[in-house]
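Okay, so here's the structure we're looking at.
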Amino acid sequence: MAGRRVAIVGAGMTKFVRRALETGQELAWEAASKALESCEMTLDQIDAVVLGSAPDAFDGVHMKVEYLSPGAGAWGKPTIRGYVGGGTGVFAAIQGWYHIASGMFDTVLVVCEEKMSSCHPHPQAAFNYIFDHTLERPLGPNLLWIFALEMNAYMTKYGLTKRDIAMVAVKNKRNAADHPAAQLGDPHITIEDVLNSEVLAWPVQRLDVSPTSDGAVAIVMAAEHIARRVTNKPVWVEGVGWSLDTQYWTNRDLSYPTYVEEAARKAYAMAGIREPRKEIHIVEPYDPFDYKELHHLEGLLLADRGKAAELIALGIANRDGDMPVTPSGGLLGVGNPIAAAGLMKVAEIFWQLRGEAGKRQVPGQPRRGLAQAWGDLMQVGTVIILGI
Amino acid sequence: MPLIERIQHLDEVRAWRGTIQLEGVYTAGVAGERWLRGLQEGKIYGTRCPRCRYTYVPARRFCERCLGPLGKDTWIEVGPSGTLVSWTRLHVAPDGTRQVPPRTLGLIRLDGADAVLVHELIDGQEWTSGMRVEAVFRPPAERSGSIRDLLGFRPLSP
Amino acid sequence: MERWVYPVTSLRPEDVEQKRVCTTRTPLRGEYAWDAGVAVGRFLTELKAGRLIGRRCRACGRVMIPPRMFCEQCFRPTDEWVPLADTGTVITFSVCTISWDMRRLEVPEVPAVIAIDGASPGMGIMHKLGEVGRTLEEILDRVRIGMRVQAVWKPAGEREGAITDIRYFRPLED
Ligand SMILES: [Zn+2]
Ligand SMILES: [Zn+2]
């Protein structure tokens with residue numbers, strides 16, 4: 001494995017809500033101070049800070065990370081912002097890893113925040129500016145187009161139905177009912193609820209989509225000699241990988257996330273994993289839309305192409321199944337403050353592997369988990385593998 | 001193999017025009033909400049970190065130096081008078097036009113505070129760093145819980 | 001882990017609308033003039049003339065649309081302009097019933113990715129489909145992935161060198 005061993009030793013988060021009174025800075029502080037408290041560390045024991053946040057346009061604050069930095073404990077410390085759109089949350093943890101693996105720092109506080117409610121008339125509007133300004137924006141696109149186009153390409157190629165895909169939304173929103181930070185947990189939601197929800201951009205309906213949210217998540221990462229001193233349950237970073245596809249999204253095969261596969265292969269190689277379907281016990285794939293969870297399971301090589309829906313249908317992906325998928329409740333259920341949602345997935349694996357996930361605890365003492373995020377113009381894959 | 005094909009005619013140079021239309025609706029936050037309500041009542045508050053012995057104005061919910069919480073017991077009233085730390089006169093408006101008459105902005109360290117506050121300087125002619133100034137509030141009926149509930153700072157009447 | 005979750009102060013829309021909490025509103029209005037650049041500049045000029053063109057990279061053989069002056073795979077300059085047809089195949093489509101600011105649309109829009117004839121397989125552009133119905137049901141009945149389509153151009157006098165010089169693509173009867 002490359003570099004020094006690195007562990008996650010603490011994690012904290014805010015509740016995810018549609019609109020928080022707290023400022024972005026205050027959200028960052030709530031998560032950061034909880035993470036430090038969870039491992040009984042103080043700010044003076046932190047060497048460096050990694051901040052993750054998605055487009056500045058959501059918070060409506062340019063140089064957002066500089067703005068957030070006081071709440072993230074960055075005062076007077078080496079600080080960096082990683083930014084790969086929706087992939088940021090997992091990427092921030094990867095950055096924390098290489099800060100320490102390189103030998104440069106012993107301890108890093110990783111904080112991800114998003115306050116989407118500031119953006120009016122709707123946070124959706126901030127996404128208009130990801131489209132090509134000359135060739136696409138004059139057509140009046142919105143963000144849902146791109147997801148709907150990808151979802152239709154995926155469904156059509158493999159002959160999947162809306163019902164196959166709606167099962168993901170049901171599973172995740174039910175799982176989220178057990179998450180104390182969840183915005184949209186619902187233990188009683190049914191497939192019919194999803195199929196009967198308002199059509200936004202066919203095939204995407206209201207309940208296929210994660211909400212917009214305010215929230216923050218933080219983790220504390222440490223080099224081995226510190227980690228063993230701080231906790232008797234360090235959760236080790238075993239593999240990381242990330243990859244970017246072309247920005248020319250209309251030139252890509254929209255039915256398969258090649259970039260996720262590339263990122264996953266790097267992470268598996270680093271972790272020495274040859275048979276991911278046997279060696280990964282829990283998965284937190286990125287699920288801003290229900291079909292994306294399936295798409296990403298396939299890109300992660302955890303399901304054959306076009307077959308991920310079977311894992312859901314057969315209950316394999318349930319919390320008590322052979323390979324629990326998104327036991328947290330994911331973006332669909334816990335909520336989607338973009339960068340914070342990705343780091344929430346990393347924190348979920350941390351809590352699950354330590355046996356601290358409470359009502360969401362996956363049985364059978366899982367020893368290895370994977371969190372993945374995805375973003376930019378649907379082109380980046382970020383993967384982290386954690387183990388005990 | 002030139003990467004750039006020479007553009008022969010200037011009328012072939014194209015730009016696509018567009019506007020980014022968003023509106024930010026910002027909450028003041030837990031500390032900010034309380035701080036603005038204070039201004040509405042004609043009071044300026046700070047929060048003092050007992051560990052770092054530093055008083056923040058505007059008041060904050062946490063100390064960025066030690067990341068400790070700044071709870072209700074750390075709120076103290078500061079000012080309304082203070083010392084002008086630095087100032088500038090603006091002759092150009094944000095859109096690039098002339099600012100007539102010019103505006104004057106100052107950095108004010110309110111009595112009892114460590115952090116400085118930026119605001120308008122009003123009712124004065126000559127400003128010098130180190131001079132004493134005092135806060136001027138809008139009439140109570142015009143206040144709305146905004147930084148503009150403070151009209152600005154004027155020279156402290158002797 | 002419940003101990004490590006901070007209970008945020010959640011607001012309802014009316015808390016903001018009825019000014020129960022202090023908020024500041026600031027428009028973020030920026031006006032831009034984005035240079036079309038070399039490749040897209042030429043592409044726009046051709047659109048005004050009612051034509052689609054692509055760029056070929058001789059190293060990988062790809063004919064690319066949207067055109068670019070460099071090949072991002074071979075990382076070298078592309079070599080030549082290639083005239084393309086104004087017909088193509090629907091790679092994927094959606095039926096969008098809401099606007100960018102989440103208001104309902106009277107008549108849904110049908111965004112699509114269309115692979116353009118003459119470009120390499122899978123090379124598409126984003127545009128809209130038209131003449132395919134006015135309701136979700138009608139549109140889903142008429143449109144399918146793999147459907148052949150053709151550009152419907154604005155009259156020559158109304159074209160301005162923009163992607164919207166193509167009004168939309170309509171089903172091609174063959
Ligand atoms: Zn302090
Ligand atoms: Zn090439």
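Nothing in this text is a laboratory measurement; each read-out follows from the coordinates by a stated rule. Quick caveat, the model's predicted, so the values are computed rather than measured. Every residue, glycine among them, receives a Cβ derived from its backbone with ideal geometry; neighbour counts consider all protein chains shown.
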>> What Kirkwood Rh does chain A have if only Cα atoms enter the pairwise 1/r average? Answer in Å.
In response: 20.3 Å
> Taking a threshold of 29 Å on the Cα-Cα distance, which of the pairs A:Lys34/A:Lys307; A:Lys15/A:Lys171; A:Lys157/C:Lys48 fall above it?
Replying inline: A:Lys34/A:Lys307; A:Lys157/C:Lys48
>> As an exercise, use a Förster radius of 56 Å and the Cβ-Cβ distance of C:Glu138 and B:Glu126 to find the FRET efficiency, rounded to the nearest 0.05.
In response: 0.15
> Where the centroid of each part is defined by its Cα atoms, how far is the range A:259-275 from the range C:142-174 in Å?
Replying inline: 43 Å
>> Under a crude label model (7 Å from the Cα following the beta-carbon direction), how far is A:Arg367 from B:Leu156 in nanometres?
In response: 7.0 nm
> Taking θ as phi - 60°, what are the ³J(HN,Hα) couplings along the range B:109-123 by the Karplus curve (6.51, -1.76, 1.60), each to the nearest whole Hz, with x for Gly and Pro?
Replying inline: 9, 5, 4, x, 10, 9, 6, 9, 10, 9, 7, 6, 9, 10, 6
> ³J(HN,Hα) across the range A:304-320 via Karplus (A = 6.51, B = -1.76, C = 1.60, θ = phi - 60°), whole Hz, x for Gly/Pro?
Replying inline: 5, 4, x, 10, 4, 4, 5, 4, 6, 4, 8, x, 4, 8, 5, 4, 9
>> Net charge around C:Cys74, counting only other residues with Cβ within less than 15 Å of its Cβ (Lys, Arg = +1; Asp, Glu = -1)?
In response: +3
> Under 5 Å between amide H atoms, partner at least 5 residues away or on a different chain: which partners does A:Asp376 have, H built in plane at 1.01 Å?
Replying inline: A:Gly85, A:Gly86, A:Gly87
> So which aspartates and glutamates pass the test for A:Lys64, namely a Cα distance under 18 Å, with those fewer than 8 places away in the same chain ruled out?
Replying inline: A:Glu22, A:Glu26, A:Glu30, A:Asp56, A:Glu113, A:Glu114, A:Asp214, A:Asp376, B:Glu23, B:Glu64
>> Using only the alpha-carbon atoms, how far is helix C:37-48 inclined from the longest principal axis of chain C? Give it as 0 to 90 degrees, nearest 10.
In response: 70 degrees
> Summing +1 for each Lys or Arg and -1 for each Asp or Glu, what net charge is found among the other residues whose Cβ lies under 11 Å from the Cβ of A:Phe147?
Replying inline: -2
> By per-residue mean of other Cβ atoms within 10 Å, what is the highest-first order of A:95-106, B:114-125, A:317-328?
Replying inline: A:317-328, A:95-106, B:114-125
>> If I stretch the segment between B:Thr97 and B:Thr19 completely, what's the gain in nm (0.36 nm per residue apart, minus their alpha carbon distance), one decimal?
In response: 26.0 nm
> For C:Gln18 and A:Lys157, FRET efficiency with R0 = 60 Å and r from the beta-carbon atoms, rounded to 0.05?
Replying inline: 0.75
> Given the options A:Ile46, A:Ile349, A:Ile219, which has the most mean-square fluctuation in a GNM of chain A, springs set between C-alpha atoms less than 10 angstrom apart?
Replying inline: A:Ile46
> Classify the range C:91-174: rounded, prolate or oblate, from the alpha-carbon gyration tensor (a ≥ b ≥ c, eigenvalue square roots; a/c under 1.5 rounded; otherwise prolate if a/b is larger than b/c)?
Replying inline: oblate
>> Over chain A, with a Gaussian network built from C-alpha contacts below 10 Å, which listed residue (A:Trp75, A:Trp242, A:Trp374) shows the highest mean-square fluctuation?
In response: A:Trp75
>> Can you give the local net charge around A:Arg19? Use residues other than it whose beta-carbon is closer than 13 angstrom to its beta-carbon, Lys and Arg +1, Asp and Glu -1.
In response: -2
> How would you classify the range C:37-171 from its alpha-carbon gyration tensor, with a ≥ b ≥ c the square roots of the eigenvalues: rounded for a/c under 1.5, else prolate if a/b is greater than b/c, otherwise oblate?
Replying inline: prolate
>> Apply the Karplus curve 6.51 cos²θ - 1.76 cosθ + 1.60, θ = phi - 60°, to the phi angles in the range B:132-142 and return the couplings in whole Hz, x for Gly and Pro.
In response: 8, 9, 9, 6, 10, 9, 5, x, x, 5, 8
>> Under the rule of at least 5 residues apart or a separate chain, name every residue whose amide H is placed under 5 Å from the amide H of B:Gln99.
In response: B:Val92, B:Ala93
> Does the protein assembly as shown come out rounded, prolate or oblate, given a ≥ b ≥ c as the square roots of the eigenvalues of its C-alpha gyration tensor, rounded meaning a/c under 1.5 and, failing that, prolate meaning a/b above b/c?
Replying inline: oblate
>> Ignoring everything except DSSP H segments at least 4 long, calculate the 222 nm mean residue ellipticity for the protein assembly as shown; use -39,500 (n - 2.57) per segment, divide by total residues, nearest 500.
In response: -7000 deg cm²/dmol
> Which cross-chain or sequence-distant (5 or more) residues have an amide H under 5 Å from the amide H of B:Arg61, H modelled 1.01 Å from N in plane?
Replying inline: B:Ala31
>> Please report the spacing between the Cα centers of the range C:16-75 and the range A:91-123 in Å, no decimals.
In response: 29 Å
> What FRET efficiency, computed as 1/(1 + (r/R0)^6) with R0 = 22 Å and r the Cβ-Cβ distance, is obtained for A:Arg305 and A:Leu195, rounded to the nearest 0.05?
Replying inline: 0.35
> List the aspartates and glutamates whose alpha-carbon lies under 17 Å from that of A:Lys233, not counting same-chain residues fewer than 8 positions away?
Replying inline: A:Glu37, A:Glu40, A:Glu224, A:Glu348, A:Glu356
> How compact and how long is the range B:26-155, expressed as Rg and Dmax of its alpha-carbon atoms in Å?
Replying inline: 15.5, 47
> To the nearest Å, what is the center-to-center distance of the range C:98-116 and the range A:296-350, using C-alpha atoms only?
Replying inline: 29 Å
>> Which of A:Arg354, A:Arg174, A:Arg252 ends up with the largest GNM mean-square fluctuation for chain A, with Cα atoms connected below 10 Å?
In response: A:Arg252
